[in-house]
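Working notes for the structure below.
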Amino acid sequence: MHNGVHDLADGVRTELEASYSKHGCGPEFWTTYQQVLERLVPKGRSRTQVTNELALIIEQLGVVRRAQMVPPRTTRPR
């Protein structure tokens, strides 16, 4: 893993952890989560991978017991 990506992941984890420590899993924490997501993936772009990575971080922090993963888009119609 490149240092820049690792540093970004550590920074995101630290930011979410600080928000959770301060606010618990209340609305302020989820505002921080949304702000992080907006910074990492601008609107109009696929957020699946980043959303799933953030979900794993908040699961590891204990914010939620089991994070819901977003399935990847399929190109075939169902």
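Derivation of every value follows stated rules applied to the coordinates shown; laboratory data play no part. These numbers come from a predicted model, not from an experiment. Note: ideal-geometry Cβ built from the backbone for every residue, glycine included; neighbour counts use all protein chains shown.
Summary of values
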| quantity | calculated |
| --- | --- |
| Local electrostatic count, Met69, Cβ distance below 11 Å [Lys/Arg +1, Asp/Glu -1] | -1 |
| Shape category assigned to the stretch 6-78 from the gyration tensor of Cα positions, a/c cut at 1.5 | prolate |
